[in-house]
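Read through the structure below, which is laid out as structure tokens, and then see the notes.
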Amino acid sequence: MAKPEAGIGGLEYDAKRRAWPNELNILLALVLIVAAFEILGRLLLGESFLFNTREGVPGFFNEQRLQIIILQVSIVGIIAIGVTQVIITGGIDLSSGSIVGATAMIAMSFAQVALVNGNPNPKAIFAAEGWLDLPVIVPVLVGLGCGLAAGLINGTLIAYTKIPPFIATLGMMVAARGLARWWSKGNPISFPTDSYAAIGQGMNPVFIFVALAILFQLILTYTKYGKHCYAIGSNEEAARITGIKVEHHKVLVYAIAGILASVAAIVLSSKNLTAQAGMGVMYELDAIAMAVIGGISLAGGRGSIIGTVLGALIFGVIISGFTFLRLDAYYQEMVKGAIIVGAVVLDQWRQRRRSQRA
């Protein structure tokens with residue numbers, strides 16, 4: 001009887017050790033970073049980073065800055081939701097930024113109007129076919145189909161040819177970027193319909209990001225799909241032995257990541273009212289950085305969408321904070337590189353600590 005009691009006590013002790021979720025550590029880091037920029041702003045500029053100090057302007061917080069921060073990270077954050085699921089399964093996706101570029105070009109070409117200021121659209125791709133002024137569902141479905149196709153190719157190559165995810169998605173990154181440039185011979189595509197343009201206007205990107213984050217947090221937490229993601233990332237062979245169809249699941253995960261990248265492309269092109277082949281450059285690295293900052297382990301098997309959302313907010317606050325402190329853009333790029341490296345180093349340190357405790 002003594003043995004079970006010790007076991008129960010051990011379970012209680014483990015529960016206490018796990019009572020402080022990793023997401024709370026990330027939230028604390030976010031608060032400390034905001035506080036640091038607030039202090040630096042007061043000392044160096046005599047201005048507040050977070051609070052509204054302008055006379056005659058209502059509101060306690062600097063709502064404009066908060067909106068900019070959230071808008072800045074929302075589109076890449078949509079990509080990061082898909083990347084998070086890929087990393088949890090032990091994979092990586094370097095193609096999402098290029099998928100954004102290709103999808104934006106293709107979707108926008110199906111969203112163009114026939115007339116611009118009473119004249120024929122000079123940038124119409126499908127004028128000869130008459131595919132202009134189409135219902136908004138057409139470019140949206142075409143865009144989602146592009147992301148789905150790219151994700152299925154990634155997943156199939158990784159699952160069935162056993163190509164390392166890094167190589168498979170690197171190949172897709174190059175191919176999709178080439179497709180984006182070829183589609184209109186490098187020319188931008190503009191003049192969408194009002195209904196397509198409405199998708200990315202105002203705070204809609206934020207609403208889409210939050211809705212998708214909530215949806216996939218629930219899916220990862222409460223469904224068989226989510227349990228299989230964590231099982232494959234923790235131990236792929238053990239997951240296969242338990243009856244999980246590992247190859248099928250990997251294809252599904254990469255397909256979802258591709259679809260989410262295409263959602264980001266649709267929102268981005270709608271927001272900008274134009275599509276260019278260079279859209280989405282470096283978005284994949286930003287998305288990976290958001291996920292890792294949010295506590296996702298590059299070794300797989302750990303993490304959450306909540307953590308990724310907090311990681312995205314940290315990323316956005318840091319970039320906005322450096323802009324607030326009037327640091328030049330090239331310094332910001334250097335800092336972003338340091339953040340990516342630092343996030344990976346932190347992940348490696350966390351893994352070593354866990355292995356030592358085990």
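Taking the stretch 160-197 as the range and being among the small types (Gly, Ala, Ser), open to solvent by less than 50 Å² (accessible area, probe 1.4 Å) and under 30 Å from Gln67 (Cβ atoms) as the test, the residues that pass are Ala180, Ser190, Ala197. What are the residues in the stretch 125-143 that are open to solvent by 50 Å² or more (accessible area, probe 1.4 Å) and either assigned to a helix (DSSP H, G or I) or of a type in the set (Ser, Thr, Tyr) (or both), if any? Ile137, Leu141, listed by residue number. In the set Ala239, Ala299, Ala261, only one residue is open to solvent by less than 10 Å² (accessible area, probe 1.4 Å), in contact with a helix residue (DSSP H, G or I) (Cβ under 9 Å, 6 or more places away or on another chain) and over 30 Å from Gly186 (Cα atoms); that residue is Ala239.
Against the definition (surrounded by fewer than 24 Cβ atoms within 10 Å (Cβ to Cβ) and at pLDDT below 90), how does Leu325 come out, yes or no? Don't jump to the end; show me each part of the working.
Details: surrounded by fewer than 24 Cβ atoms within 10 Å (Cβ to Cβ): yes; at pLDDT below 90: yes.
When the stated conditions are applied, Leu325 passes them.
Does Leu212 meet the test of being open to solvent by 60 Å² or more (accessible area, probe 1.4 Å), at pLDDT 95 or above, within 25 Å of the chain's Cα centre (by Cα) and within 18 Å of Tyr283 (Cβ to Cβ)? Taking the combined requirement at face value, the residue does not satisfy it.
Cβ-Cβ contacts under 8 Å between residues 6 or more apart (or on different chains), taken from a first residue in the stretch 96-108 that is more than 8 Å from Cys146 (Cα to Cα) to a second residue that is among the acidic types (Asp, Glu) and part of a helix (DSSP H, G or I), are listed as Ser96/Glu284; Gly97/Glu284; Ser98/Glu284.
Pick out the one residue from Gly307, Gly233 that is among the small types (Gly, Ala, Ser), in contact with a Lys or Arg (Cβ under 8 Å, 6 or more places away or on another chain) and more than 22 Å from Ala104 (Cβ to Cβ). If you could, list the steps in order and put the result at the bottom.
Working: Gly307 fails: in contact with a Lys or Arg (Cβ under 8 Å, 6 or more places away or on another chain).
It is Gly233.
Of the residues Ile78, Ile39, Ile33, the single one that is modelled with pLDDT of 90 or more, open to solvent by 50 Å² or more (accessible area, probe 1.4 Å) and part of a helix (DSSP H, G or I) is Ile39.
Within the stretch 271-288, residues that are on the phi > 0 side of the Ramachandran plot sit with their Cβ atoms under 9 Å from residues that are among the hydrophobic types (A, V, I, L, M, F, W, C) and open to solvent by 20 Å² or more (accessible area, probe 1.4 Å), at 6+ positions apart or across chains, in these pairs: Leu273/Phe191.
A quick yes/no check of all residues on (1) in a helix (DSSP H, G or I); (2) at pLDDT below 95; (3) within 19 Å of the chain's Cα centre (by Cα); (4) within 30 Å of Phe191 (Cβ to Cβ):
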{"residue": "Gly278", "(1), (2), (3), (4)": "no, yes, yes, yes"}
{"residue": "Asp286", "(1), (2), (3), (4)": "yes, yes, yes, yes"}
{"residue": "Ala289", "(1), (2), (3), (4)": "yes, yes, yes, no"}
{"residue": "Val309", "(1), (2), (3), (4)": "yes, no, yes, no"}
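For first residues located in the stretch 114-134 and in contact (Cβ under 8 Å) with a residue 24 or more places away in the chain, partners that are open to solvent by 80 Å² or more (accessible area, probe 1.4 Å) and lie 6+ apart or on another chain with Cβ distances below 8 Å form the pairs Val116/Pro122; Asn121/Leu115; Lys123/Asn187. Just so you know, in the stretch 225-236 the residues that are closer than 9 Å to Gly300 by Cβ and small (Gly, Ala, Ser) include one that is surrounded by the fewest Cβ atoms within 10 Å (Cβ to Cβ), and it is Ser234.
The set of residues from the stretch 107-149 being of a type in the set (Val, Ile, Thr) and touching a strand residue (DSSP E or B) at 6+ places or on another chain (Cβ under 8 Å) comprises Val113, Ile125.
Restricting to the stretch 91-105, count the residues that are surrounded by fewer than 24 Cβ atoms within 10 Å (Cβ to Cβ) and touching a Pro at 6+ places or on another chain (Cβ under 8 Å).
Applying the first criterion (surrounded by fewer than 24 Cβ atoms within 10 Å (Cβ to Cβ)) to the stretch 91-105 yields 92, 94.
Cutting the leftovers down to touching a Pro at 6+ places or on another chain (Cβ under 8 Å) gives us 92.
Residues in the stretch 91-105 being surrounded by fewer than 24 Cβ atoms within 10 Å (Cβ to Cβ) and touching a Pro at 6+ places or on another chain (Cβ under 8 Å): 1 in total.
The values are calculated or read from the model by the stated rules, or taken from the named source; none is laboratory data. Remember, it's a predicted structure, so these values are computed and weren't measured experimentally. Virtual Cβ from ideal backbone geometry, glycine too; neighbours counted across all protein chains shown. Accessible surface areas use protein heavy atoms only, side chains included; no ligands, DNA or RNA. Shrake-Rupley method; radii C 1.70, N 1.55, O 1.52, S 1.80 Å.
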